[in-house]
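K.L.:
Before I ask anything, let me first share the structure, which is written out below as structure tokens.
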Amino acid sequence: MALNDFFAGEIATELLKMLISISRKSLLCRASADQLISYIHDLLPSIEEIKYSGVELPALRQSQLDRLSEILRSGVELSHKVLSSSRWNVYRNLQLAKKMDKLEKNVSKFLLGPLQAHMLADIHHTRFEMTERFDRVDNSVQRLEKYFGNMKIGVGGGGWVEEAVRSVDEDVVDSSSAVGLGFGKNKVREMVVGRDDLWVVGISGIGGSGKTTLARELCKDDQVRCYFRDRILFLTVSQSPNVEQLRTNIWEYIMGNERLDANYMVPQWMPQFECRSEARTLIVLDDVWTLSVVDQLVCRIPGCKFLVVSRPKFQTVLSYEVELLSEEDALSLFCHHAFGQKSIPLAANENLVKQVVTECGRLPLALKVIGASLRDQTEMFWLSVKNRLSQGQSIGESHEINLIDRMAISINYLPEKIKECYLDLCCFPEDKKIPLDVLINIWVEIHDIPETEAYAIVVELSNKNLLTLMKEARAGGMYSSCFEISVTQHDVLRDLALNFRNRESIDERRLLVMPKRENGMPKEWLRYRHKPFEAQIVSIHTGEMKEVDWCNLEFPKAEVLIINFTSTEYFLPPFINRMPNLRALIIINYSATYACLHNVSVFKNLSNLRSLWLEKVSTPELSSIVLENLGKLFIVLCKVNDSLVEKEVDLAQVFPNLFELTLDHCDDLTQLPSSICGMKSLQNLSLTNCHNLTELPVELGKLRSLEILRLYACPYLKTLPNSICDMMRLKYIDISQCVNLTCFPEKIGRLVSLEKIDMRECSMIRNVPKSAVSLQSLRLVICDEEVSGIWKEVAKPDNVHIQVSEQYFDLDWLKE
């Protein structure tokens, strides 16, 4: 195709039509589409001049321009795919964004290379005209770069990541999930509120039938909340419960949320005592597996009522057995997840839809998962799924394994990489929140994908109802930490992933996991101790482990090790020494008190470790350890014990390449060690909920690579060091809930890269330095109403958005 044919308008017109359609149909891409339309309009005058120049080009140059035409033609085909892609298919959109990015680079390279020379030599005769026209091209290329950047990572408040996270709210159950629960809620409410003779009642039903949803809906019911005066405690028990911790949680709540002394022993049988009528309390025990656990947790206390949610129906507990949805409700729930509406669309094949709904067995979980997997798919795809569903046994109340087999069909249709990421979720304990940072780091290391793609996969799995995203109220904005977001998964979906992973021999599995807490090493693992395991991910879940409890196992290919335990003492497994490829290590203690780690010398041999997560432990001494390749370190709910501030510990030497450091809920951290100022590669520093932190190093400004500084909820921090004004790359600072912080440094205006300030609930800050007017990159300030007026006077109204915040207090972490 000759270049003149292109300039005749065929491709340009087609591109414009598609961009106009995108602008009209896609709210998320509207701004970007408008930018692209503007880009083409900017180029049209130059195109017309070249078209009518009348200059015949040499064959070589004509062939080069013909090559450009073919690139742009392929761009039209790619644009068709972008336009036809569903906004819910986040993973596919990310892949298309990468292709568009590559296309843009090829085009801009041509525009700024050969085409410049052609126009200079063969068309344009004056330097002034050439400069004027290519200024337009440069501006358009910059718009494209901004467009693709927004589409890939969602910055600037308009990307798919922010939109997806903003749509998630931990405290709000999707209204569609409550379909058909009205009758059941009335029945359970009658037992809970209307029967004074009952002190323990239950909800039972097979996995995926909606038991937990029903219990949560009951807890939100106005009549129930009024009856118990909002004294409702919701606890998840799980298949391998920590009974002592659960008993402590119940006892504390009944006693008025008073934190018990560490040495206080909860009595084996909770004593009876008189409660005034206003002290009514509802204790919900979700996901209970055995009657013995009920007997250990439930006791008769005046004014206190227990609601036990379980799969089996216990003979000693009067229970409401959850019924399957009616055909009408099942169809409504399915359509909500398959079509985004509660009825079958006119364009859909009604008979085929109803056949698929029938095959789902009227179980809410199956309807949600299979419905979401069919969203935006072709009729042939639907027919294929229906045929595979019809080949299995019907789903009945005694056929939970058949439910797993049915939902496995939707997993098999996932793209391979998304499927592998989904199956990795089973390496975490049941009914526990998975910090998104942990999950993202695992996927990045195991699957060699960038963080943006890993996040896209999380959103895709959430859209398909294969996991649930939960967030803190502050999360979801630009520069939000993944730590503010967590992931949970339904037990049945975890069982489904385990079912997939356990099809191979133990020594050949890519993921080796203890599905529930064990007292020691599983016997089936020990049978293979004389040969190396093939596992890339190893997940351990035990109680206290001593040196003699371990055996010599070989994991030469392990890249991720997850250690979950419940104990105050823990001897780290000796076989860590024989994990030469270990890149991510996660150590989480689920007991009520800090755990002391032993055998920490194994850290010395982790030369390839890139990510380390420590939770609810006493941090080990670091003076003799060097983790040369560690990039990310998370210390959460830990007792620091001055291990970071000892004079002989030089953090810059221990972690020479660390670029992200998080310390969260470390109550005994009073000051940050000065050696941290020598960590030249540090880009992200988060000191959050460190309630006794009083000061920061004077020379903190030496962290010249720092881009993100979070000091959230450090109430005893009174000043910021003046040296932070030397952080020329700093983009985001969060000082929210630093209630004793009195001012910003006077020279804050030197932070030329600063884009966002979060200072909500900083009641002591009443003034903003005059130099703040020089914050040329500032785009967003989140603050209280008292100081919003000052910021509006200082900031440029056309460039900076002043967002007045609402007060928010989150104590959910206390329930963990």
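The values are calculated or read from the model by the stated rules, or taken from the named source; none is laboratory data. Computed from a predicted model, the values in this text were never measured in an experiment. Counting neighbours? That spans all protein chains shown, and the Cβs are built from the backbone with ideal geometry, glycine included. These area figures cover heavy atoms from the full protein model, side chains too; ligands, DNA and RNA do not enter into them. Shrake-Rupley method; radii C 1.70, N 1.55, O 1.52, S 1.80 Å.
K.L.:
Spin-label point model (7 Å from Cα, Cβ direction): what's the R229 to E416 distance in nm?
P.N.:
6.2 nm
K.L.:
Moving on to the next point. Per residue of region 292-299, what does 6.51 cos²θ - 1.76 cosθ + 1.60 with θ = phi - 60° give for ³J(HN,Hα)? Whole Hz please, x for Gly and Pro, Karplus curve as stated.
P.N.:
Each residue's phi maps through the Karplus curve to give 4, 5, 4, 4, 7, 9, 9, 8 Hz.
K.L.:
Right, here's the next one. Apply the a/c threshold of 1.5 to the C-alpha gyration tensor of region 505-609 and tell me whether it is rounded, prolate or oblate.
P.N.:
It comes out oblate by the Cα gyration axes.
K.L.:
Computing the accessible area with a 1.4 Å probe over protein heavy atoms, can you report the carbon and sulfur percentage for region 505-609?
P.N.:
45 percent
K.L.:
So if each residue of separation counts as 0.36 nm, and I subtract the Cα-Cα distance between E190 and A408, what length gain in nm does that give?
P.N.:
In short, 74.7 nm is gained.
K.L.:
In what sequence, highest mean first, do 515-525, 342-352 appear when ranked by Cβ atoms within 10 angstrom?
P.N.:
515-525, 342-352
K.L.:
T290 to K792: FRET efficiency via 1/(1 + (r/R0)^6), r the Cβ-Cβ distance, R0 51 Å, to the nearest 0.05?
P.N.:
Between T290 and K792 the formula returns 0.25.
K.L.:
Taking a spot 7 Å from the Cα of N722 along the direction of its beta carbon, which residues of region 748-785 have an amide N less than 14 Å from it?
P.N.:
Output list for this probe position: 748-750.
K.L.:
Using the structure shown, select from K432/K464; K471/K604; K433/K639 the pairs with a Cα to Cα distance greater than 24 angstrom.
P.N.:
K471/K604
K.L.:
Would you pull out the residues with amide H under 5 Å of E518's amide H, same chain only if 5 or more places away, H placed 1.01 Å from N?
P.N.:
It is H541, T542, G543, by chain and number.
K.L.:
Multiply the residue separation of R375 and Y528 by 0.36 nm, subtract the distance between their alpha-carbon atoms, and state the gained length in nm to one decimal.
P.N.:
50.7 nm
K.L.:
How high is the FRET efficiency from E554 to K433, r the C-beta distance, R0 45 Å, rounded to 0.05?
P.N.:
Computed FRET efficiency for E554 and K433: 0.90.
K.L.:
In whole angstrom, how far apart do the alpha carbon centroids of region 414-446 and region 310-324 sit?
P.N.:
Value for the Cα centre distance between the two parts: 32 Å.
K.L.:
Still on this structure, please answer the following. Distance in nm between label sites at E323 and V698, each 7 Å beyond Cα in the beta-carbon direction?
P.N.:
Each label point is offset 7 Å from its Cα along the Cβ direction, giving 7.5 nm.
K.L.:
Express in nm, to one decimal, how much length is gained between R766 and Q315 on full extension, taking 0.36 nm for each residue of separation and deducting their alpha carbon distance.
P.N.:
Once the chain is fully extended between R766 and Q315, it gains 156.1 nm.
K.L.:
How far apart, in nm, are two points set 7 Å out from the Cα along the Cα-to-Cβ line at N581 and at D221?
P.N.:
Here the modelled spin labels are 5.4 nm apart.
K.L.:
Also: For an R0 of 41 angstrom, estimate the FRET efficiency from the Cβ-Cβ distance between D197 and V739 and round to the nearest 0.05.
P.N.:
Efficiency, from the Cβ-Cβ distance: 0.25.
K.L.:
Please give the solvent-accessible surface of E559 in Å², to the nearest 10, using a probe radius of 1.4 Å with every protein chain present.
P.N.:
About 30 Å², ignoring ligands and nucleic acids.
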